[in-house]
Protein chains: 2
Amino acid sequence: MSHSALPAVLDRLDADLDAAVERLFALLRFPSISTDPAYKPACAEAAAWLVHELNGLGFAAELRPTPGHPMVVAHGDALADPASAAPSLLFYGHYDVQPVDPLNLWNADPFAPAVETLPDGRRVIRARGAVDDKGQLMTFIEACRAWKAETGTLPAKISILFEGEEESGSPSLIPFLEANREELSRDLALICDTGMFDPKTPAISTMLRGMMGEEITVKAASRDLHSGMYGGPASNPIRVLAKILAALHDDTGRVTIPGFYDDVDDISPDLARQWEALPFSAAGFLGAVGLEIPAGEQDRSALEQIWSRPTCEFNGVIGGYTGEGFKTVIAAEASAKVSCRLVSRQDPEKIRAGFRELVSSLVPADCEVVFKRHGSSEAVVMDVTAPEFEAARTALSAEWETEAAFVGCGGSIPIAGHFQKLLGMESLLIGFGNDDDNMHSPNEKYDMESFRKGARSWARVLGELSRKA
Amino acid sequence: MSHSALPAVLDRLDADLDAAVERLFALLRFPSISTDPAYKPACAEAAAWLVHELNGLGFAAELRPTPGHPMVVAHGDALADPASAAPSLLFYGHYDVQPVDPLNLWNADPFAPAVETLPDGRRVIRARGAVDDKGQLMTFIEACRAWKAETGTLPAKISILFEGEEESGSPSLIPFLEANREELSRDLALICDTGMFDPKTPAISTMLRGMMGEEITVKAASRDLHSGMYGGPASNPIRVLAKILAALHDDTGRVTIPGFYDDVDDISPDLARQWEALPFSAAGFLGAVGLEIPAGEQDRSALEQIWSRPTCEFNGVIGGYTGEGFKTVIAAEASAKVSCRLVSRQDPEKIRAGFRELVSSLVPADCEVVFKRHGSSEAVVMDVTAPEFEAARTALSAEWETEAAFVGCGGSIPIAGHFQKLLGMESLLIGFGNDDDNMHSPNEKYDMESFRKGARSWARVLGELSRKA
């Protein structure tokens, strides 16, 4: 029964689009920046809004406290069409967002969502979190809403988990999954936090890079010094830090951390051929953001550099006087935030240890380096032989009228690894973001077509899964 | 007559000390941070306070506007003892101060001056500007006040120039000196903005390093990028900046700017012997600020590194996300403030050109570097054969009961060079700061003994100069 209702469900989604956008706007108005304690109340309010929304659809939804921001957990088994052949599902998204600085580069209030029309005619939803991840998670809720409205049921046993700490290292996630293993373990996870391969080509992400984050602070003199009185003999922590950061890559773009590449596998010749066949242009990819020369390992293609090669990136640096004008000071300390993207079998803690060993070796004897750990996650490689992957590919290809692709993903989506390791579930990673969405940047947006066809895509995926024997 | 009054003048200074401290406190309460436009009114108020004070002593004092902060100019020729044999004098100081960040490292409000007693029993005046330069300039005003009160005259024809932009590159100074050349040209300049050699040994600074300041901004992508989506192929401006900064010194501590050492003279064997005889310990000098290994040129003593060798220091660096927590961003740009201390015949503009050439050569073709010039000044070497230098040495030695030393000065005091070049005056650079005064740092202070004996020293210098045939 479920699948025959699909055309009506899709029509309903289109008819209900304006109201769906209004619902998304309500969620986007919460400044739920999880990394900054000042926004803790806003995170709680966003979570409560989602609970209210899901209960309104008939889910049994509730706020679940953690030491950080709350989880939203909802169960909809009672809503499931008994005739469905679908596996039981856990849908995952996150309601927290990135910080908004530099605020002066935004054209409008990041938390006052609006629909804009781009010069090329595309309509977009502009706000922090539009694509990452509020717009994406709402595509799934809207798909459920339409199925429920049209058929009175959902086409599968669906549970939902929304996290509020994805943008700040997910400190509460693993304990929560471990404490609620039985409740949250379903046959398959669905995750909507990734992008299209290109605006026409839907994608299922089957390789995800992991991450290892560190903050290092170089401490030199016991106080800030006058660069006239001490300049020359006094160690300058910015100079020490620059030497450290400069030493982390060699002249060919390879990372110099000891043992860094030990557990990095080359991709299979078959996958390499698939990737080479994709309509990807390094010049176009970099050109879109004003760059042109791939800065990673010189002997790897830009696509490999993003999808299957590890990196060491500097995400922030600060030291000394950084205000208006000039101050002739030698700072007491300087610090940097560094993150490595990891692939294959790289162990984040082994990489962290190698990083600390190398950094420590570059610090003069009268200076000190202090390390602060940030989150870490292993890379994930999905088993794409499971039949649900083919079902999803069929559904996506039908909606977008273009063959869906199995792709890599440069960003870390640690949740997929946790679902594999802790709950024994594979994940279908399907998302509708585009490269120009300004994810993590000022003026973040989500294409109206991503939102509309994203919801239609999930409606189709649920329908297709419900037909599976 | 003047000189016979000296003992009474000195007694009066001691008797008036508490009131003198109160007057200094009044000046210290103005947050006259010249580099930050937010404090422009405070700068004007500090200048007005000085005008009022000098007029009260009988000087003809006035505020003189500039495009930036006003100058204070005062003339006291009418007050001069006709019997004095002294050369005509121009005293220089500055009423502006350094910024106070990081504010959290101050133990008290930087602009609420207070007398504290250190664990070793020393009494100190604690405030931003206590030593640099409000406390120092007030030693001269108090010396004039005592001479005037005791004798009804001043022991020389004295003019005064107080600047309000010394800590922000003195943009208005040269035009002002050029426009008022005749009015300000006297036989000799007195400058109180330097330190003692050590707490017992008074010093006359006869070699001053110059400076060249630059701010560089490396621009990479046209916007901030997600380090997952772009990490690897996208140029990271922090990585580019780190490579640049790391390339500015070689492994022996020498600066690598092309031609940097071309115009650097070695000091004379005679001066080298004098410096070697001074009670200076690199271990003690660095140990006082928690360091131990001289970080400058390896083949030069720490004293040479400060007084007679040029440097390239990094005064500030910023890029990417530097707030709480972590943000996996690749920034669009990163920047650093860099300053070179200059010696001998080094030309700041030649050094600037070499710096820009080297930096530009290290920027990838798809990135851009933007340079912003900050102030510059040449090094100054005084002609110490002028008789006033010996007169001053006699006066200082008498007050401190220790032979005064001719020393170098690591900091830049561009005014001395301008006086030489623009007004044809040599400068007597005498000051009473100590190494532990936290100049330009949190918890700046000025020893009560520096203030008391500083005023007495100036009283003696004026008396000694008045005896000169």
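Read-outs throughout are calculated quantities, based only on the coordinates presented, and are distinct from any laboratory measurement. Since we're looking at a predicted model, the values are computed, not measured. Positions of Cβ are generated from backbone atoms using ideal geometry, with glycine treated the same way; all protein chains shown enter the neighbour counts.
Observations on the model:
- Coordinate range of the alpha-carbon atoms in the range A:382-448 per principal axis, descending: 37, 32, 17 Å.
- Calculated over the range A:135-228, the projected area of the Cα convex hull averaged across directions stands at 12.6 nm².
- Other protein chain Cβ atoms within 10 Å, averaged over every residue that makes up B:246-255: 2
- For the rotation that carries chain A onto chain B, the axis lies closest to a Cβ at A:246, 2, where the number is the distance in whole Å.
- Projected-area mean, chain A, by convex hull of Cα positions, square nanometres: 23.4
- Gap separating the Cα centres of the range A:269-285 and the range A:1-51, nearest whole Å: 34
- The range B:113-118 - phi-based ³J(HN,Hα) in whole Hz, Karplus 6.51/-1.76/1.60, Gly and Pro as x: x, 8, 8, 10, 10, 6
- Inter-label distance, nm, simple model (7 Å from Cα along the C-beta direction), residue A:48/residue B:178: 6.6
- Other protein chain C-beta atoms within 10 Å of residue C-beta, averaged over A:293-303: 4.
- Relative to the compact-globule estimate of 2.2 N^0.38 Å, the Cα radius of gyration of the range B:293-341 comes out at 1.72.
- Summed over all non-identical Cα pairs, the Kirkwood treatment of the range B:273-405 gives a radius of 19.4 Å.
- Gyration tensor (alpha-carbon) shape descriptor, the range B:413-454, a/c threshold 1.5: oblate
- Crossing angle, helix B:237-246 versus chain B [Cα axis fit, 0-90 degrees, rounded to tens]: 60
- Per-residue mean of C-beta atoms belonging to partner chains within 10 Å, peptide A:219-226: 6
- Taking a point 7 Å out from the Cα of residue B:103 in the direction of its Cβ, the residues of the range B:36-53 whose backbone N falls within less than 20 Å of it are B:36-46.
- The same position residue B:298 in the other copies lies at 2.8 nm from this copy, comparing label points 7 Å beyond Cα toward the beta-carbon, shortest first.
- Across the copies of the chain, residue B:279 has label points (7 Å from Cα along Cα→Cβ) spaced 8.2 nm apart, shortest distance listed first.
- Rg and Dmax over the alpha-carbon atoms of the range A:133-290 stand at 24.4, 79 Å.
- When each of A:327/A:372; B:337/B:421; A:243/B:327; A:243/A:372; B:219/B:243; A:148/A:453 is checked by Cα-Cα distance, pairs over 21 Å: A:327/A:372; B:337/B:421; A:243/B:327
- Filtered chymotrypsin sites (Phe, Trp or Tyr not before Pro), the range B:346-395: DSSP coil and at most 15 other beta carbons within 10 Å: none
- For chain A, the 222 nm mean residue ellipticity estimated from helices alone, with every DSSP H stretch of n ≥ 4 adding -39500 (n - 2.57) and the total spread over all residues, rounds to -10000 deg cm²/dmol.
- Förster radius 25 Å - calculated FRET efficiency between residue A:345 and residue A:277, Cβ distance, rounded to 0.05: 0.40
- Taking all pairs of distinct alpha-carbon atoms in the range B:36-145, Kirkwood radius in angstrom: 16.2
- Annotation for residue B:288 and residue B:17: the two label points, set 7 Å from Cα along the Cα-Cβ direction, are 2.2 nm apart.
- FRET efficiency estimate (nearest 0.05) - Cβ-Cβ, residue A:390 to residue A:115, R0 41 angstrom: 0.70
- Rg/Rh for the range B:220-329 stands at 1.14; both radii use Cα atoms, and Rh follows the Kirkwood definition.
- Rotationally averaged projected area of the protein assembly as shown (alpha carbon convex hull; nm²): 40.4
- A straight line joining the Cα centroids of the range A:394-437 and the range B:77-124 runs 66 Å.
- Shortest-first distances to equivalent copies, position residue A:259, nm, label 7 Å out along Cβ: 5.0
- Pairwise centroid distance, computed over Cα atoms, of the range A:52-68 with the range A:173-216, Å: 20
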